[in-house]
Amino acid sequence: MKFHEPRNLAFLNAGIITGSYIILFLLSVGIIFENAFIHFYTFLALLITSAAIFIIAYSIFLYTLERFIYSKVRLIYKSIHSVKTGKRDPPLPQAVNNIIDHVQEEVENWESDKQREIEQLKRLEQYRRDFIGNVSHELKTPLFNIQGYVSTLLDGGLEDPSVNREYLKRTEKSIERLVKILEDLDEISQLESGQLKLRVTRFDLVSLTREVTELLEMKARKNEIQFVLNDPGKPVMVEADKDKIRQVITNIIDNSIRYGNRENGKTKITFYDMDENILTEITDNGIGIDTADMARVFERFYRTVRGRAATKKGKGLGLAIVKHIVEAHHQIINVRSTIGVGTTFGFTLKKA
Ligand SMILES: Nc1ncnc2c1ncn2[C@@H]1O[C@H](COP(=O)(O)OP(=O)(O)OP(=O)(O)O)[C@@H](O)[C@H]1O
Ligand SMILES: [Mg+2]
């Protein structure tokens, strides 16, 4: 039995009062110490008055207790509700009897909500900390390089014709990298905050892809990568922001060169008609991505161990931008990959 429940407390108190009354009654008629005989009617009167006292005491106690508790918990109940909903007063439960159960339920729900909020805030905080760490780490390398080259030039390198041009060129490269990182970060933050408005037009995806492959042709050749564009022989019209989609295709094809096969590398681009959408798949036969890394390659600054080993050049921002752009179009992007065999990135666009 739970003694702290109002009904049980009222029962206990009414029991004590009735018990005391019976003892006093028995003392007064001399039954306890004088062993007097109790008359049947006296016994009946005792029984009736005891029952009446018990019922009255029980009712008064229960009513007072519940009123008291209700007035106290009402405030808690109200404030929990207004914190939860952020506005209006709650519909208070009518039955006074249920108020404790209601409050208990409310408090439990509130507690689990708060727990979830705290966990989410912790995750965000960790994400923020990682992000700041990553940004400063990425900015440090080119900045230290610039610092090194400038110091060497000032310490006499400027007058040395064998190094001065070379060091200035390297300084320029590091500055370009810094600018690129900042541009990418700016783009990501604009995409994330929804500030970037898409300029949606109708265009041919095949000719846009051809433009991109032509621009990347030199880089691909240097890395011995061959492009295979599966041309459907007719325009594939889509509705999207052309410049942004150019960026998506460029980033994915650029990755296929960067992380591609050094001997006999191939990047295949294929378009699939999916009724309402067009699915574009870009497949390479490069180093591949581990299953555990597949979801993470779209995170800002995330680079796989194999990716880092393949080249120092990456910033880990390209795919984060790609994912944001595709999602801003309310479309999907996915990746499948097998280590040592190759990787396929696929994204959809609305058919025009
Ligand atoms: N086609 C691919 N094959 C194997 N690994 C890939 C491929 N594409 C991406 N990755 C892995 O995913 C990581 C993230 O790619 P992402 O394009 O975001 O960054 P990045 O290429 O390193 O740098 P950048 O910001 O200059 O594009 C890469 O560092 C690489 O480890
Ligand atoms: Mg990239």
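Some observations on this one:
- Any hit, the range 304-313, residues being near ligand 1 (Cβ under 8 Å from one of its atoms), more than 28 Å from Lys197 (Cβ to Cβ) and assigned to a strand (DSSP E or B): no
- Only one of Asn134, Asn145 that is more than 34 Å from the chain's Cα centre (by Cα), surrounded by 16 or more Cβ atoms within 10 Å (Cβ to Cβ) and polar (S, T, N, Q): Asn145
- Qualifying residue in the range 209-230 (condition: open to solvent by 20 Å² or more (accessible area, probe 1.4 Å) and in contact with a His (Cβ under 9 Å, 6 or more places away or on another chain)): no
- Flag if Val335 is within 16 Å of ligand 2 (Cβ to nearest atom) and either open to solvent by 60 Å² or more (accessible area, probe 1.4 Å) or under 20 Å from the mean Cα position of the chain (by Cα) (or both): no
- Test result for Ser162, exposed (fewer than 13 other Cβ atoms within 10 Å of the Cβ) and not basic (Lys, Arg): yes
- Residue match in the range 304-311 (condition: surrounded by 18 or more Cβ atoms within 10 Å (Cβ to Cβ), assigned by TED's automatic domain parsing to the domain that holds Ile225 and free of Cβ contacts under 8 Å to residues at least 24 places away in the same chain): yes
- Subset of the range 263-300 [touching a Leu at 6+ places or on another chain (Cβ under 7 Å) and within 16 Å of ligand 2 (Cβ to nearest atom)]: Val297, Phe298, Arg300
- Failed item in (1) open to solvent by less than 40 Å² (accessible area, probe 1.4 Å); (2) modelled with pLDDT of 95 or more; (3) touching a helix residue (DSSP H, G or I) at 6+ places or on another chain (Cβ under 7 Å), with Thr270 passing the rest: (3)
- Selection status of Lys323, open to solvent by 10 Å² or more (accessible area, probe 1.4 Å) and in a loop (DSSP other than H, G, I, E, B): no
- Taking the listed residues Glu111, Glu106, the one that is modelled with pLDDT under 90, outside the structural domain of Ala14 (by TED's automatic domain parsing) and out of contact with any helix residue (DSSP H, G or I) (no Cβ under 9 Å at 6 or more places or on another chain) is Glu111, with no other qualifying.
The values are calculated or read from the model by the stated rules, or taken from the named source; none is laboratory data. Computed from a predicted structure; not experimentally measured. Neighbour counts are summed over all protein chains in view; Cβ atoms, including those assigned to glycine, are modelled from backbone coordinates with ideal geometry. Side chains are part of the model used for accessible areas, which takes the heavy atoms of the whole protein and leaves out ligands, DNA and RNA. Shrake-Rupley method; radii C 1.70, N 1.55, O 1.52, S 1.80 Å.
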